[in-house]
1. Kindly provide the set of residues from segment 357-374 that are crowded, with 24+ Cβ neighbours inside 10 Å and away from the ligand (no atom under 15 Å from the Cβ), ordered by number.
2. Would you pick out the residues in segment 48-75 that are aliphatic (A, V, I, L, M), open to solvent by less than 30 Å² (accessible area, probe 1.4 Å) and under 25 Å from Ser282 (Cα atoms)?
3. From the list Val400, Val383, Val391, Val419, which one is within 25 Å of Leu206 (Cα to Cα) and either open to solvent by less than 10 Å² (accessible area, probe 1.4 Å) or not polar (S, T, N, Q) (or both)?
4. Please verify whether Ser317 is within 18 Å of the chain's Cα centre (by Cα), among the hydroxyl-bearing types (Ser, Thr, Tyr) and either open to solvent by 10 Å² or more (accessible area, probe 1.4 Å) or over 17 Å from Gly301 (Cα atoms) (or both), treating the condition exactly as stated.
5. When you scan segment 247-261, do you find a residue that is touching a helix residue (DSSP H, G or I) at 6+ places or on another chain (Cβ under 7 Å) and open to solvent by 20 Å² or more (accessible area, probe 1.4 Å), even just one?
6. Checking the condition of a type in the set (A, V, I, L, M, F, W, C) and within 16 Å of the ligand (Cβ to nearest atom), which residue from Ala297, Ala293 passes?
7. Check off (1) in contact with a Ser or Thr (Cβ under 9 Å, 6 or more places away or on another chain); (2) assigned to a helix (DSSP H, G or I); (3) aliphatic (A, V, I, L, M) for Leu164 and give me the number that stays unchecked.
8. Is it the case, given these coordinates, that Asp418 is in contact (Cβ under 8 Å) with a residue 60 or more places away in the chain and part of a helix (DSSP H, G or I)?
Amino acid sequence: MFGMMNPQSRIRSGLVFAVCLLLLNFRSSLMLHAEEFNYDESKVPPYTLPDLLKCEDGTVVDSADVWNTKRRPELLQMFEEHVFGTLPAGKIPLRTRVRSSVPDALDGKALRREVTVFFADDDNGPHMDLLIYTPVNATKPVPAFLGYNFNGNHAVEKDPRIHLTDSWMRNNKDIGIEDNKATEASRGSEASRWAVSTIINRGYGLVTIYYGDVDPDVDDGFKNGIHSLFEKGDSPRAGDAGGSISAWAWGLSRALDVLESDKAIDARKVAVFGHSRLGKTSLWAGATDQRFAMVIANESGCGGAALDKRIFGETVSRINTSFPHWFCINHRKYNNHEAAMPVDNHMLIALSGPRPVYVASAQEDTWADPYGEYLGLYHAGPVFKLFGKSVFESDKMPAVDTPMQVDVAYHMRTGKHDVTDYDWEQYLKFADTHLR
Ligand code: GCU
């Protein structure tokens with residue numbers, strides 16, 4: 001066609017053609033983007049969940065004993081192999097040092113301590129700082145919540161005496177972090193997510209740790225954080241070697257090791273708590289460490305409480321693309337192949353059973369698939385029932401702002417992806433029932 005035109009018309013037509021192509025491309029990339037994630041309940045494709053109560057050899061799990069001795073270990077191993085990966089077993093000797101102790105924090109209501117836990121002989125090796133609040137008026141060791149924070153311990157309470165973390169931090173202009181280092185401006189920046197005074201007033205302890213102490217949240221080929229303790233040399237990574245979620249869960253267990261000899265805290269009554277990526281982490285910590293007495297997953301979404309085979313909001317492919325360091329390499333096999341996954345997250349939740357588990361969602365947090373989170377908990381129910389626990393009998397989701405608490409609990413609150421006082425109010429009520 002261009003051959004019969006004069007040079008000027010040729011250039012003009014060529015330009016028009018190129019612009020059309022560009023527009024077409026732009027449109028199809030927009031369409032692709034719009035279609036990439038499903039937020040329409042009527043468009044969730046049919047899916048089949050793997051059977052929680054049938055062992056891989058066909059044995060039916062009809063008792064708590066068969067669950068404990070056969071199905072539970074087998075599922076744990078499947079999550080290690082296909083989802084989170086595993087870290088080499090073996091005990092790392094821990095050293096602790098009290099960095100600070102303030103006897104009259106929170107207007108005199110709390111003892112606030114900072115305790116550094118070293119994972120190596122060298123003080124400059126991997127270590128984490130526990131920020132520990134306990135009520136001063138307690139007459140015996142208290143039950144406590146343990147969970148990671150996102151912005152550093154100094155972000156939990158605006159007090160210049162809390163050590164400003166020297167660990168790597170994600171850049172965040174809102175709190176003045178531009179070169180991966182904590183700033184004075186970030187003090188107290190996460191306070192709204194930690195109802196510390198309420199927790200203390202209700203007679204609980206709170207232990208929090210900056211998650212980046214244990215493993216910086218960046219894809220660096222699994223070199224930094226506690227990975228350096230386990231992965232020496234440059235040999236290729238095994239498909240089931242643990243990613244960051246495994247590392248973070250490992251760190252929570254090490255915190256519990258330390259709390260076991262803390263006189264102010266009853267280590268048999270520690271609820272492990274986490275929000276979002278750290279909610280995925282609290283579920284994995286609850287699964288791998290049965291010493292945690294309660295498990296709370298706040299808006300944990302894909303790879304957390306939400307069923308991954310239910311295609312709604314975030315997908316396996318998207319999470320492994322945006323965060324290649326969170327899961328093990330084998331997990332990538334299921335990018336766009338959720339149906340082939342041998343496990344799903346009702347099984348992850350069941351691994352914490354029959355201990356009390358709280359799953360929470362936020363109405364506007366559609367990325368995390370609130371209904372999928374509810375269904376994850378609902379479909380975990382049969383394991384809790386084996387132990388005589390009460391669970392939800394309906395797959396219909398409770399109305400917004402209507403918490404349901406039995407031996408498991410769920411709420412979807414109004415609002416966006418976050419942790420609020422409302423969430424803590426429900427967790428404290430649940431803890432009053434199960435940790436007292
Ligand atoms: C991203 C990610 C989620 C995760 C969340 C968070 O949105 O896609 O899977 O839960 O970050 O941790 O804040």
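The values are calculated or read from the model by the stated rules, or taken from the named source; none is laboratory data. All of these numbers come straight from a predicted model, not from anything done at the bench. Quick reminder, even Gly has a Cβ in these numbers, built from the backbone with ideal geometry, and neighbours come from all protein chains shown. Note: areas computed on protein heavy atoms with side chains; ligands, DNA, RNA excluded. Shrake-Rupley method; radii C 1.70, N 1.55, O 1.52, S 1.80 Å.
1. Passing the criteria: Val357, Tyr358, Tyr374.
2. Once the filter is applied, which keeps residues that are aliphatic (A, V, I, L, M), open to solvent by less than 30 Å² (accessible area, probe 1.4 Å) and under 25 Å from Ser282 (Cα atoms), segment 48-75 yields Leu52, Ala64, Leu75.
3. On inspection, the qualifying residue turns out to be Val419.
4. Answer is yes for this residue.
5. Checked against the condition, which is being touching a helix residue (DSSP H, G or I) at 6+ places or on another chain (Cβ under 7 Å) and open to solvent by 20 Å² or more (accessible area, probe 1.4 Å), segment 247-261 yields no hits at all.
6. Ala297
7. Unmet for Leu164, out of (1) in contact with a Ser or Thr (Cβ under 9 Å, 6 or more places away or on another chain); (2) assigned to a helix (DSSP H, G or I); (3) aliphatic (A, V, I, L, M): (2).
8. Taking the combined requirement at face value, the residue does not satisfy it.
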